[in-house]
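The values are calculated or read from the model by the stated rules, or taken from the named source; none is laboratory data. All of these numbers come straight from a predicted model, not from anything done at the bench. Here Cβ is always computed from backbone atoms with ideal geometry, including for glycine, and neighbour counts include all displayed protein chains. These accessible areas exclude ligands, DNA and RNA; they are computed on the full protein's heavy atoms, side chains included. Shrake-Rupley method; radii C 1.70, N 1.55, O 1.52, S 1.80 Å.
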Amino acid sequence: MNTPLKFPALFLVIILLSCKDNKDHHMSNISVLNKSDSSTKQQIFIPSGEYFATNEQLDNYGISLKIEKDSIIYTESGNMGKIYNQYLLKVDKTVDGIFFLKYSQLINGYTGYADKPFYFGNLKYNQGKLLFESEYMQKKYGLKNVTLKK
């Protein structure tokens with residue numbers, strides 16, 4: 001039986017994805033606001049772009065996350081770049097710089113485990129890499145922790 005997540009009543013998390021134009025690159029700007037003091041704002045930046053899995057176990061698969069100002073797209077591709085599955089993900093909540101991602105909609109392919117009621121994955125940006133811990137990847141590929149790079 002699934003129990004709903006409970007959030008503290010004093011906090012309202014608003015996640016805004018916007019594109020900030022710097023001289024050399026674009027950044028996805030994800031803001032977290034504290035309801036009790038709207039002037040307090042924590043900024044978490046993830047550079048926009050496409051990030052690819054670097055794990056040896058996934059060498060035969062093209063696993064990527066494309067982060068844009070208003071979307072996160074998960075893609076699985078195979079030989080010759082053929083796209084097998086592509087999902088639009090949404091940020092459900094952010095805790096201590098970790099983004100909890102849920103399946104939002106099918107773009108291409110089939111859903112498989114993607115639309116199940118667990119979190120698709122947790123995402124954290126650290127020193128130019130995305131650290132992706134995913135229940136979906138665990139069920140499909142037997143690999144829960146994946147590192148992605150541009």
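Key figures for this structure:
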read-out	value
Residues satisfying the stated conditions in the range 64-84, i.e. among the basic types (Lys, Arg) and either within 17 Å of Val146 (Cβ to Cβ) or touching a Leu at 6+ places or on another chain (Cβ under 7 Å) (or both)	Lys66, Lys69
Subset tally (residues that are of a type outside the set (A, V, I, L, M) and part of a strand (DSSP E or B)) for the range 141-150	3
The range 104-140 - residue that is assigned to a strand (DSSP E or B) and either touching a Pro at 6+ places or on another chain (Cβ under 7 Å) or within 12 Å of Tyr87 (Cβ to Cβ) (or both) and, of those, most open to solvent (accessible area, probe 1.4 Å)	Gln105
Any strands (runs of 3 or more DSSP E) falling wholly within the range 10-103 and containing at least 2 residues that are in contact with a His (Cβ under 8 Å, 6 or more places away or on another chain) and at pLDDT 55 or above	none
Hits in the range 113-129 - residues which are in contact with a Ser or Thr (Cβ under 7 Å, 6 or more places away or on another chain) and under 18 Å from Ile73 (Cβ atoms)	Phe120, Gly121
